[in-house]
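A quick write-up on the structure given underneath.
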Amino acid sequence: MTEQTAKYQAKENGKGNNNSNGNIQTIKQRIDLESYLSTMGLTLKKSGSDTKTCPCPLCNHKDCFRVTPSKQLWHCFSCDQGGDIIELHQIRHNLTKADAILDLSQSVGIPIARASSMNQQRDTGRNLSGTPKSETGQNLRKTSQENIFNEAMVYYRTTAKTSPGFKQFLHYRKFNPAAINKLGLGYADGNLHTHLKARGVTDQEMIESKLVRKNDNGSLYDYFRYQIIYPTMGPTGDVIHLKGKGIDKTGRPTGKTWQLGNRDSFFNWHQKPGGQILNSSPKKDTLYIVEGENDAVALDKINRTAWAMGGTLSQKQIDILKQTLSTGGFDVCVIPDNDSAGENLLKKIKSELMYYTLPDTLRLLIAPQSQRITARYPATLYNDVDEAIRKTDIPPDFSRQNKAPLFGSATPATGEKPSTAVSSSKTITLESITRPAPLAPSLKTCLNLYRKTIEEQELKYSSNIVGHIVFELLMDIGDFFVIDEEILYIYQGNQYVVGSNLPFKSLMYQLSRGSINYADKQSKVIWESIQAQCYYKAPHTEHRGWIYTDATAGTIGATATPAIYYNLCNPKNEIIRITPGNIELLMNGCNDTSVFLQKSPKTRPIALIPMTDEEMSDGLQIFFDLFYDNMACDISWKIYILSFIVNSLFLNMAKAHGINKFTGHQGSGKTETAGMITALLYGQNFVTVGSTASDYTDAALNPVTICDNLEIHNITPDRRDFLLCVATGITRQKRKSGTDSANIYEKTVTQIITTSIESFEFPELIERAVTIPFDQEFFNQRYPGSMIIENSIIGNRDKILSAIFRLSTHILNNYQTKKEKIYRYLEKNHPKHSKRRLNEHLACMAVITDELKQRTPGLKQIFDMSVQDIVAEWINQQDKENTEIMFETNIIVRYLNLLAQESANGLLDEYHVVNLNAVADGLPEHPTDNNNSTGNLTMELTTSELLSAFELLAKKYNIRQRFSSVRHLAVRIRNELSVIEAAQWRIRQTRRVKGQNLFEISNC
């Protein structure tokens, strides 16, 4: 019960005893503060001219309790409380101020009027659970604001059970009815005045309570009408404050709020962690302090107890928090809103409750019995914790009634803030929807407090204890995690390696304002303490590259649901987690799954924009408009390239990605398209030419790797190996520098684009290349120029990428099933196509294309093919391109054609080759007249003889020899037999001669 309430009760029952104030002053004069403390076994020691000290009777901390005898006042610097004898007695025995005065008055024999009639009414007006109850069937005999509030709340709760508006409110908020009952919410239907009149309350009493008003014509009307009512209980369990929040017919808030009463405590104040009523047996847990009442209800849904301020933090609420942190037995965590009011709330807590925000080691040194107060902001995608929970989860109570499509296709009603989440059955953790908010004082302040405390307690300085304090404070303002044996620290978006390196030493010097310098002998112990605690307490993870996919992150029903983690490369060191229907913003390395992603060195920061499906379609349309008309290739390949860009999020969903070869004559627009792709993914044009070593590094850390102007003469053996490594998705192994046994494994997670005029000549590259021809016939006649297009892409980059991220939440839904369906289609209907090694990649691209077509208005209008038809179109064009390229570039066919040419010119002697056609026809074996030769060639050679002939041709025509041995040539002939036969050559094995195969080769 508050002092204001006690005075009001005294006035009502004691008719305003004029001697009360004088008697209270007499009590203070008669009870000496030092004598009162001595009865508790405490002895005061003189510490100044007018101050004495002793252990604190409240928090038991030594030498922090100061008494000023001349003023009869006290203050504890540990639990940060103070006052006179009445306030000490009140806090010590957990009494109201009125009860403390009555208790002390009896000890000195001074009469103070007691509001006995109100106490009696309070006892009969409450049930065991603390819920207000009325005297059923009887009129209210005595009225006051409190008992009228109690009666009103009973009515509001009863009305809520049958109100359609209240049901719509539950539906919109996704609140659990059980939580609503526990927290006592009600609904005002506008008929309270009728109910109170029937209960015997006079018009004047109703008007004085302010719950009922009178209009100009003298009629009564309710103050709260068509609103959700949130009651706040006082210390006695009576309703002392009512807040009404307006809702429309759909249950959504109207933004209008009404309130009555005094806000001297918290909404849901009578509950404590563990669901226990205050003053019951303590249980160590965490209590959450939130701004709005709906935040408290939402947290109850995930089994977290929360008190709501109902506005700004009042001084009375601060006093309650101080007492709770001193004696409550549980820690407190504040979750403010993501706005300026939330920032001001944390500033006020830092100012008013500083001692409770200290790192554990320091706080318990100063006040051993105290609890800690911390803070967490909602994830940046949400305004408050209620929105974060509502848009991340659908509780079981409503799952049958509100089955939202997993693809999130339902568009939210007008006026609703865009949601980035559609429900899954995944359990919500508070850590996944909130982020740490620094609350502790500066490191400099903490170190000064430590020195002051050990001086007062006559303790020795300990560098190890300082290390604990520093570690705990660094944890409060940043995040640690461990990769292998390397300890990393994230602070204000910057990444530091914990140790004796210059960046971390500089950070420590800056945070401590020069108090900690690594050059000092004691500071090295601090460093060792920090490192040891980090390795033991911080989460351990491993390098994940720039993107990571957890294929079994969760389940929907019995189906595994993948999760894609993507680094936004922004100053806040944030990553996103994309799951079916859901996008979450996480701290990199410090999240519920300890995923740490490296930054792509080329990628400029990405600002995630929350989107509805409608806004996503707008973003995808911008994507379509900027790319589609400005790529100089066929329509099927334009669609492929759009899907190729989206596929940068799905690189871990398939092993082989092939080589995307942009080919065409000079000035055909292939390099411009590559530049457009990098402008979107990187935020700048990054079409470059580098060494093979730099390409490996590039491919490990970036979503797309561009090899510009990669002609045949540039493809060295190392470059060929790199292309194959990326195309097949294998991991490169190399020796770690400076060691004899350790290896480094480089996994390329990228898509590769090559631009060139010439075709590949290596079959292993040709088979894995998706060749996309560019030509001037596809030019956009209104093309504004590459710089204008790239600047437009960069200007719309955040919107386009955010739309692609949201599109990915739809693509992921049943992704594996959809991909397997396309894969089976390829295996059945195109069993021998030229790019069958890329079937998985093509299946991924087909799934993306299908979703992209459905959700991009412009693409949907021009694209009337089924996804199977578009895949068939890609394959047919690749088969055609592949046949032409293989005929042109196959080295065996080239050598055989040269032999036929030599035969026509009568020059086979030097190759030791006999044309069996000439012998069978009785013609001269080596005619000198070229005109007499048909050029038809049939020869019988061993593999060794054929290799010798090829080597002579290579020298004569300056061709690089490609066969290292007889066995190598034999294997290549078998592997490329279909291409050789398609080029009108026939090779068949006739017999073995001296251990070697004898082949009959002919172009007949």
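Take residues that are not β-branched (Val, Ile, Thr) and tell me which of the strands (runs of 3 or more DSSP E) falling wholly in the stretch 741-802 contain 3 or more.
743-747
Could you check Leu896 against (1) under 30 Å from Phe805 (Cβ atoms); (2) not assigned by TED's automatic domain parsing to the domain that holds Ser808 and say which number it fails?
All conditions are met except number (1).
Could you pull out the residue among Ile622, Ile659 that is aliphatic (A, V, I, L, M) and more than 27 Å from Leu568 (Cβ to Cβ)?
None of the others qualify; the one that does is Ile659.
What residue, of Leu185, Leu211, Leu170, is modelled with pLDDT under 90 and closer than 19 Å to Lys243 by Cβ?
Leu170
Can you tell me which condition Val466 does not meet? The list is (1) assigned by TED's automatic domain parsing to the domain that holds Arg376; (2) β-branched (Val, Ile, Thr); (3) touching a Phe, Trp or Tyr at 6+ places or on another chain (Cβ under 7 Å), and all the others hold.
(1)
Just checking, how many residues over the stretch 308-342 are in a loop (DSSP other than H, G, I, E, B) and farther than 26 Å from Leu260 by Cα?
4
Using the structure shown, decide if Thr934 is in contact with a helix residue (DSSP H, G or I) (Cβ under 9 Å, 6 or more places away or on another chain), modelled with pLDDT of 85 or more, more than 30 Å from Thr716 (Cβ to Cβ) and not small (Gly, Ala, Ser).
no
Tally time: how many residues in the stretch 751-792 are surrounded by fewer than 16 Cβ atoms within 10 Å (Cβ to Cβ) and of a type in the set (Ser, Thr, Tyr)?
Looking only at that region, the number is 1.
All but one of (1) of a type in the set (Asp, Glu); (2) touching a helix residue (DSSP H, G or I) at 6+ places or on another chain (Cβ under 7 Å); (3) closer than 19 Å to Leu852 by Cα hold for Asp629; state the number of the condition that does not hold.
(2)
When Trp269 is evaluated against the numbered criteria (1) outside any loop (DSSP other than H, G, I, E, B); (2) modelled with pLDDT under 90; (3) under 22 Å from Tyr288 (Cα atoms), which criterion, by number, is the only one it fails?
Condition not satisfied by Trp269: (1).
Restricting the search to the stretch 832-887, which residues are among the polar types (S, T, N, Q), modelled with pLDDT of 90 or more and not in a helix (DSSP H, G or I)?
The answer is Thr856, and nothing else.
Would you be able to say whether some residue in the stretch 584-605 is on the phi > 0 side of the Ramachandran plot and touching a strand residue (DSSP E or B) at 6+ places or on another chain (Cβ under 7 Å)?
yes
Given the stretch 451-543, what helices (runs of 4 or more DSSP H) lie entirely inside it while holding 1 or more residues that are hydroxyl-bearing (Ser, Thr, Tyr) and buried (at least 17 other Cβ atoms within 10 Å of the Cβ)?
Result: 463-477, 521-537.
Looking at the stretch 331-349, can you tell me whether even one residue there is touching a His at 6+ places or on another chain (Cβ under 9 Å), in the same structural domain as Thr429 (by TED's automatic domain parsing) and either among the acidic types (Asp, Glu) or buried (at least 16 other Cβ atoms within 10 Å of the Cβ) (or both)?
The answer is no, given that none of the residues of the stretch 331-349 is touching a His at 6+ places or on another chain (Cβ under 9 Å), in the same structural domain as Thr429 (by TED's automatic domain parsing) and either among the acidic types (Asp, Glu) or buried (at least 16 other Cβ atoms within 10 Å of the Cβ) (or both).
Out of all the residues in the stretch 513-528, is one or more closer than 19 Å to Lys747 by Cβ and either touching a residue at least 12 places away in the same chain (Cβ under 8 Å) or out of contact with any strand residue (DSSP E or B) (no Cβ under 9 Å at 6 or more places or on another chain) (or both)?
no
Just the residues that are in contact (Cβ under 8 Å) with a residue 12 or more places away in the chain and surrounded by fewer than 17 Cβ atoms within 10 Å (Cβ to Cβ), please, taken from the stretch 85-101.
Within the stretch 85-101, Glu87, Arg92, Asn94 meet the criteria.
Among the residues of the stretch 630-677, what is the count of those that are among the charged types (D, E, K, R), surrounded by fewer than 21 Cβ atoms within 10 Å (Cβ to Cβ) and either farther than 26 Å from Glu820 by Cα or more than 30 Å from the chain's Cα centre (by Cα) (or both)?
The total comes to 1.
Please state which of the following conditions Gly237 fails to meet, knowing it meets all the rest: (1) within 38 Å of the chain's Cα centre (by Cα); (2) at positive phi.
(1)
Does Gly130 satisfy the criteria of being crowded, with 21+ Cβ neighbours inside 10 Å, under 25 Å from Asp386 (Cβ atoms) and modelled with pLDDT under 90?
Taking the combined requirement at face value, the residue does not satisfy it.
The values are calculated or read from the model by the stated rules, or taken from the named source; none is laboratory data. Just so we're clear, the structure is a prediction, and the values are computed from it rather than from any experiment. All Cβ positions, glycine included, derive from the backbone under ideal geometry; neighbour counts span all protein chains shown.
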